[in-house]
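Shown next, in structure tokens, is the structure this report addresses.
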């Protein structure tokens, strides 16, 4: 039995460092245009993040190739509409269909960018418990109202799922269709959920105030001293910053 | 020495509704006052007024004098000090717990108040309340009793000088009620306990104040005589400490439901049922601690869950009314709710609702969620009635009901049992003693039929010191 500490007992880097790392990679991926630099981001962050994500979320990652295909189709439509890549050399042509380098390049850039951002997010969610992430946000200086809302959302989500199950069971019992179709069906689901949630929110607010929420000061608990994991994250980040600067 | 003194001339909500008039309550060090009364009598409002919530958070007004451990919570400056000095336990743990894990919930109080040793205190408190092993579990994974213990831990981890509790035994099994009473007894400062089940606390409080219509209807000082208890009961308070099992009034006219050789649960078995029957003509009670599988049994009978194995037979339609009536309502007004139930169920539930709620139709334009807890329960049962069930399954139907509503519920169940088998999952010893014809107990994973006297002894011995 663990009888001390704030953090969930799991290995891995400190959540505060992970948040900073994920945020930095996301920022680099958004601003960077060079495919070579983005390739570095993808290899260093995207690949491990996506691998971890695949282990945790499995089939959900099918969305990623779909996004890349969507980016390609989008680039082709823009090309054919004459909006972008008008003077781009042709990369390939299949019958009447011409594929310009512009579309290939745009697909690679967007694909690598999305994969790197997704990888950074999946690293964060895969290596840190959500509650630890929220507590770290507060330690990093996020406003207490935001942190409370996120923590309460985390408390509420499983409750809402169980309440949704209750409401669906009541609907079936009372002779309404199992799968909601019309706006009226959705209204009969949302009404009890919202009514209960609003009442609960009022009382949770009263409870929080009676336990001194308005007195809460920012927690002056900085991230702990960097260890092996944090050093690894710092090195990886330095490599990617250098790639963005040099390539 | 910490004290609670409140002399409230008048308290109004922001709507202008006058909820309290001429109510005085006082408790000094080591003294406990119980505030009882029927539903809607102003019990919870009294706590909201005394803590300053009514004025400072809800936009209402309170005229009078309040001294809460030396501060005036009606003033903004005093209200800021309330969290440091006062521990408040609310009625429903689901509406009190704000954080995702027990550790965070307890830390929340301590960090708000700036405790430098928050971490150590939090762990000590969780250990004292038997939650250290589940400190980092998601709150939803805790049982009802564990959630109540968590609210007690989070409400008192900062060592408050005074304690205010709102219906602390609501929805709890008698075993957890026993723990709660022990906790109340161990708190050294003055306490105000709002509770309609006064019977649980008569041995530990010094005074009972009964509210009715927002005013003090009667005061009783310890020791409480038989005459006092009779007067409390007449005022709608559940005060009878000694219960007597009545003779069964129903008889089995035809078997409606049977469960045999079954194991019930979700992924793993929670309850083994060797032989369970429910008949038209009878009220069958199922008792047992929180998490013992009572609700699972009802859901299996309702067809909402499948048994893991074994036989489950139900003749005709089963209708399950959940413990929280709010999930039963799908429409924005009572009228629409009743009309839809009539349309799909085939029978008009309005007479039942009007007879129970005593509204004469005035409540029907209201949203169901604005009704009182007791009225919402009636509405849930009235909806069930419309569907002409042959098996009516009620989960904790008496939670939050005062004596008057309770008596009317028992009469209704008796009347419904003539056309349907009625099965109630309950912690309420009174319901078992006065209404049940047969009783099953879910204990240590097995459902067994027990005599009423034995069931009553089981429930009553669980909470008594």
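Scaling against 2.2 N^0.38 Å puts the C-alpha radius of gyration of region A:142-215 at 1.40. In this simple spin-label approximation, residue A:94 and residue A:56 carry label points 7 Å from Cα along the Cα→Cβ vector, and these lie 3.6 nm apart. Out of all DSSP beta bridges with both ends in chain B, state the antiparallel percent to the nearest 5. Antiparallel bridges make up about 55 percent of those DSSP assigns within chain B. Each principal axis of region B:168-220 carries a Cα extent, and these read 32, 26, 15 Å when sorted largest first.
How big is the gap, in Å, between the Cα center of region B:397-461 and the Cα center of region B:134-174? If we compute the Cα centre of each part, the gap is 26 Å. Classify region A:42-131 as rounded, prolate or oblate from the Cα gyration tensor: take a ≥ b ≥ c as the square roots of its eigenvalues, call it rounded if a/c is under 1.5, otherwise prolate when a/b beats b/c and oblate if not. Prolate is the answer for region A:42-131, as a/c is 1.5 or above and a/b outweighs b/c.
Rg and Dmax of region B:76-121, both derived from C-alpha coordinates alone, stand at 11.8, 31 Å.
Here the calculated FRET efficiency for residue A:201 and residue B:243, from their Cβ-Cβ distance with R0 = 45 Å, stands at 0.70, rounded to the nearest 0.05.
Cβ crowding within 10 Å, taken as a proxy for footprinting-reagent exposure, orders A:176, A:102 from fewest neighbours to most as A:176, A:102. Packing, as the average of other Cβ atoms within 10 Å across residues, places the peptides B:150-163, A:229-242 in the order B:150-163, A:229-242, highest first. Max-minus-min Cα coordinates of the protein assembly as shown on each principal axis give 98, 64, 49 Å, with the largest extent listed first. Just need log10 I(q)/I(0) for region B:318-383 at q = 0.16, 0.24, 0.29 Å⁻¹, Debye formula, equal scatterers on the alpha-carbon atoms, no solvent, rounded to two decimals. With one equal scatterer per Cα and no solvent, log10 I(q)/I(0) is -0.43, -1.04, -1.55. The mean number of Cβ atoms from other chains found within 10 Å of a Cβ in peptide B:91-98 is 6, as a whole number. Arranged from fewest to most other beta-carbon atoms within 10 Å of their beta carbon, A:90, A:244, B:184, A:98 become A:90, A:98, A:244, B:184.
Take every DSSP beta bridge whose two residues both sit in the protein assembly as shown; close to 60 percent of them are antiparallel.
Of all beta bridges that DSSP places with both ends in region B:392-465, some 55 percent have antiparallel geometry.
Taking a ≥ b ≥ c as the square roots of the eigenvalues of the Cα gyration tensor, an a/c ratio of 1.5 or more together with a/b no larger than b/c marks region B:403-465 as oblate.
Each listed q (0.11, 0.16 Å⁻¹) maps to a log10 I(q)/I(0) for region B:225-325, found by the Debye formula over equal Cα scatterers with no solvent: -0.48, -0.81. Of the Cα atoms belonging to region B:101-255, the radius of gyration and Dmax stand at 19.3, 67 Å. Label-to-label distance, residue A:161 versus residue A:247, with points set 7 angstrom from Cα along the beta-carbon direction: 3.8 nm. Peptide B:368-379 has a mean of 1 when you count, residue by residue, the C-beta atoms of other protein chains within 10 Å of its C-beta.
Shown here is the pair-distance distribution of region B:254-463: with all Cα-Cα distances grouped in 10 Å bins from zero up to the longest one, the shares run 9, 36, 35, 17, 3 percent. D by Stokes-Einstein for region B:186-276, Kirkwood Rh over Cα pairs, 20 °C, 1.002 mPa s: 123 µm²/s. By the compact-protein rule of thumb, 2.2 N^0.38 Å, the alpha-carbon radius of gyration of chain B corresponds to a ratio of 1.00.
Treating each Cα of region B:317-430 as an identical point scatterer and summing with the Debye formula, the log10 of I(q)/I(0) at q = 0.10, 0.12, 0.21 Å⁻¹ comes to -0.24, -0.35, -1.20. Note on chain A: along the principal axes its Cα atoms extend 67, 58, 33 Å, ordered by decreasing extent.
Classify region B:277-318 from the C-alpha gyration tensor, please: rounded if a/c falls under 1.5, else prolate or oblate depending on whether a/b exceeds b/c. Because a/c hits 1.5 or more and a/b fails to exceed b/c, region B:277-318 counts as oblate. I'd like the distance between the alpha-carbon centres of region A:71-92 and region A:127-155, rounded to an integer number of Å. Comparing the Cα centres of region A:71-92 and region A:127-155, I get a distance of 43 Å. Per residue of peptide B:109-115, the mean number of Cβ atoms on other chains within 10 Å of the residue Cβ is 6. Backbone N atoms of region A:201-220 closer than 18 Å to the 7 Å Cα→Cβ label point of residue B:76 belong to residues A:209-210, A:212-216. The tail of the calculated P(r) for region A:81-206 beyond 17 Å holds 75 percent of all Cα-Cα pairs. By the count of neighbouring beta-carbon atoms within 10 Å, fewest first, B:138, B:463 end up ordered B:138, B:463.
Throughout, read-outs are computed from the coordinates displayed, never taken from laboratory work. Just so it is clear, the structure is predicted and the values come from calculations on it, not from any experiment. Backbone-built Cβ (ideal geometry, glycine too); neighbour counts: all protein chains shown.
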